[in-house]
Amino acid sequence: MSWLVQNTVYLTVTALLVILARRIMRGKTSARSICILWVLPLLRFFLPAFPSSKLSLFHHIPAADTPEILMEVIPLSSVSAELSAGKWLFFLWAAGVSILLLYFTVVYLSFRRGLSCLPDAEAIEETICTAKQALCLDTCIRVKTGGKTPMMAGLIHPVILLPDGYSKTEQYHILVHELCHYKYKDMIFLWISLVIAAFQWFNPVIWLSCFLFRRDLETLCDERALRVIEDRKAYCMLLLKTALRKNNFVAGTTGLQNGKKEVDVRIRRIAAWKRTSKGWMIFSVVLLITLGAVCLTNGQSQNFPMTPTAFQILPGELENSLEKAGYRLVNEETVRSWHYRLNGNVHYQDSETGVSYDAEKLAAKYGYDLKNYYGQTIAAYLYDVENEKEPLSSAKEIFLSAVAENGEVFTLKLASDSQKEYVAGKIDAFLAR
């Protein structure tokens with residue numbers, strides 16, 4: 001579970017910085033500039049790896065597992081207990097994710113089914129065509145009459161819900177607003193935010209971020225709609241009218257109304273709208289680049305997160321397994337340890353030393369399938385040992401031992417001790433790519 005803890009810390013810190021930046025920029029820059037900031041936590045969540053940088057904020061945030069744990073000799077019973085606890089926590093987390101994703105899906109499908117039962121708004125066909133022409137859209141848009149507040153659902157085949165009680169001009173404004181959501185694919189980003197919220201269901205910062213992101217997306221849609229709608233006053237009156245109606249949140253939909261308080265803020269922003277000054281434009285760009293540099297990079301010591309204890313072989317136990325295999329440690333000072341993520345088979349060959357190996361084949365030699373550990377972060381130890389079966393031989397071997405069912409993955413035969421540091425450095429460079 002350490003990967004979840006570590007990713008949660010990184011994502012939470014990034015989201016908090018975006019919330020702070022949003023607070024600073026709101027009212028000073030365009031809604032588009034603010035929405036772009038939300039790309040940072042989105043990338044932090046979805047991308048599997050980030051470059052290391054001295055600018056990274058995460059130099060100062062400790063990894064989920066500290067290196068000192070690797071050097072402790074922990075009884076196997078303790079490791080088993082931790083593994084059991086880790087499994088229960090994982091199942092609890094996975095259950096929460098599954099329940100939320102299922103809930104969002106069921107609510108959305110139920111809403112779509114309800115829409116299919118409502119009558120088509122055939123009387124406003126001309127208004128629909130006018131709104132589509134204003135936004136240069138030729139997609140088939142279905143409009144249904146009914147409901148309590150204007151909404152839209154559908155990524156590919158959009159359906160707009162248009163309640164009764166609106167004038168022809170108001171209907172046009174509603175259609176333009178909802179079609180702006182469709183034109184700029186806002187629905188995709190809303191679903192992405194729901195997926196992130198589901199995976200981070202225990203994290204209040206992420207729930208707040210999703211709520212604020214939805215608000216910012218509505219404000220951005222106002223700006224886009226007002227490029228087409230000339231009468232700002234009438235549009236504001238429409239927002240006030242929808243604010244008086246009850247709005248139930250439906251996953252995967254957009255709505256013209258997003259709360260009385262927020263509608264008031266949106267109206268104030270529309271009334272006070274003015275072009276962003278050059279100074280604030282430059283500030284926005286610099287702030288975005290700065291946040292990207294500190295949030296979308298990893299500390300140099302954290303390129304390869306530590307592995308969970310359940311997947312560790314501890315040095316004391318590893319020495320025992322080497323002893324049983326007929327090897328003895330030549331020099332304790334030569335023992336090294338580090339960690340890396342095993343994403344696939346490793347092929348290594350060096351013409352200067354003649355060292356070469358195929359990780360999968362060597363793992364099979366020791367009786368297990370290395371493919372079972374792909375995608376995991378594993379701890380490795382480098383041992384300088386001598387084969388007791390050939391005590392007169394000066395040949396030494398370096399064991400690069402991966403944490404996998406008490407097995408040693410790589411055995412590198414070297415001609416002399418002087419090659420040890422050279423090969424170790426080569427391996428470090430290779431695994432760090």
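Return the subset of K28/K241; K132/K274; K148/K185; K324/K361; K54/K185; K132/K278 for which the Cα-Cα distance in this structure is over 30 Å, preserving the input order.
Distance filter (> 30 Å) returns K54/K185; K132/K278.
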Interchain or sequence-distant (5+) residues whose placed amide H lies within less than 5 Å of the amide H of S52 are N298
Counting sequence-distant residues (5 or more places) and residues on other chains, those with an amide H built under 5 Å from that of Y166 are none
Candidate cut points under trypsin sites (Lys or Arg not before Pro) in segment 129-188, DSSP loop plus at most 10 other Cβ atoms within 10 Å of their own Cβ, are K185
Long-range amide H partners of R142, meaning residues 5 or more apart or on another chain whose placed amide H is closer than 5 Å, are I160
Simple spin-label estimate for C140/E125, 7 Å along Cα→Cβ, in nm, reads 1.4
Contour minus Cα-Cα span, R328 to A272, at 0.36 nm per residue, comes to 12.4 nm
Distance in nm between C117 and F249 label points, each 7 Å along Cα→Cβ, equals 2.5
Taking a crude spin-label model, label points 7 Å out from Cα along the C-beta direction, the I36 to K183 distance in nm is 2.0
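So for C136, C129, C180, C35, fewest C-beta neighbours within 10 Å to most, what's the order?
On the way: C136 7, C129 12, C180 24, C35 18.
Fewest to most other Cβ atoms nearby, the residues stand as C136, C129, C35, C180.
Quick note: the coordinates plus some simple rules give every number you see, no bench work behind them. Nothing here was measured: the structure is a model prediction, and the numbers come from that model. Cβ coordinates were reconstructed from backbone atoms using ideal geometry, including for glycine residues, and neighbour counts include every protein chain displayed.
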